[in-house]
Structures are given as structure tokens and as C-alpha cells.
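Any read-out appearing in this document is the output of simple, stated calculations on the displayed coordinates, not a laboratory observation. Values in this document were obtained by computation on a predicted structure and should not be read as measured data. Because the Cβ atoms are built from the backbone with ideal geometry, glycine has one as well, and the counts that use them run over all protein chains shown.
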Amino acid sequence: MSDGLLSRLVRGGFREQQARLRIDWMTHTDERVMEQLVEGPMRPAEIATSLEKSEEYVADRCRQLAIRDLLEREGGEYRLAERGRAYLSGELDPEELAD
């Protein structure tokens, strides 16, 4: 677990986790993808390997997150967008992400 993720969990992870549960289209993997990208851009294949998921599934979830402006795509890599950072830190109202 990265130091940044650990400090977020210690500062208020329960509140953040509860807020995340209200977003019905988002999967547990989506949150893990965004957490992976806190450190910098990655290709879906790299994320998939790290999360032990299929590359096809991770690529699809990255596309879904990018559609909602949580990730940005640059070439073959995805990076965490400002909106994604705001979501992970609890600064974005999850209601804004509802379909």
C-alpha cells in the first residue's frame, strides 16, 4: 500500500469509502485503477498486471473512467485527472458522478 493511500485511509477512509458506495456504475476495480495512477501514468496492461485483472477488463474500465473525466488518456497511457484526484481525496461529491 502506498504512503499516500495509507494516509488518505487514516485521515478519513471510512467516510470516503461510504461515499464511494453510492456510485452504482463504479466497480471496486475502478477505485483500484485510480489509486494505481496516483503515482503517475500507466498503460492498461501495467495496471492489469498490478491488479491481477485481464488487460481487456482494465482497458474497458479506464475508458469508462475517462468518459466521466476521472482519467485522461495520453497515447497509450492513462493518468489521473484532477477530477479523479478530487474523488479519491473526498473533495468531489459522488452525486456528480451519477449517471
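What is the order of Glu52, Glu82, fewest Cβ neighbours within 10 Å to most?
Ordered from fewest to most neighbouring Cβ atoms within 10 Å, Glu52, Glu82 come out as Glu52, Glu82.
I'd like to compare 53-62, 88-97, 30-39: which one has the highest average count of other Cβ atoms within 10 Å, and what's the full order after that?
With the highest mean Cβ count within 10 Å placed first, the list reads 30-39, 53-62, 88-97.
Using the Karplus curve 6.51 cos²θ - 1.76 cosθ + 1.60 with θ = phi - 60°, work out ³J(HN,Hα) for each residue of segment 49-56 in order, rounded to whole Hz, and write x for Gly and Pro.
Working through the residues one at a time gives 4, 4, 8, 6, 10, 6, 4, 4 Hz.
Using a 7 Å offset from Cα along Cα-Cβ at Glu96, what residues in segment 33-54 end up with backbone N under 19 Å from the label point?
Within reach of a label on Glu96: 34-35, 38.
Scan around Leu92 for amide H atoms under 5 Å from its own, H built in the peptide plane at 1.01 Å from N, and keep only partners 5 or more places away or cross-chain.
Here the answer is Tyr87, since their amide H atoms fall under 5 Å of that of Leu92.
Quick query: amide H of Leu71 versus all other amide H atoms, modeled in the peptide plane; which residues come in under 5 Å with a sequence gap of 5 or more or a different chain?
Close amide H contacts, sequence-distant or interchain: Ala66, Ala81.
Determine, from the Cβ-Cβ distance of Ala86 and Tyr57 and an R0 of 25 Å, the FRET efficiency 1/(1 + (r/R0)^6), rounded to the nearest 0.05. The partial results should precede the final answer.
Values: r = 25 Å, r/R0 = 1.00.
Efficiency, rounded to the nearest 0.05: 0.50.
From the phi of every residue in segment 33-39, what ³J(HN,Hα) in whole Hz does the Karplus formula 6.51 cos²θ - 1.76 cosθ + 1.60 yield, where θ is phi - 60° and glycine or proline is x?
4, 4, 5, 4, 7, 4, 7
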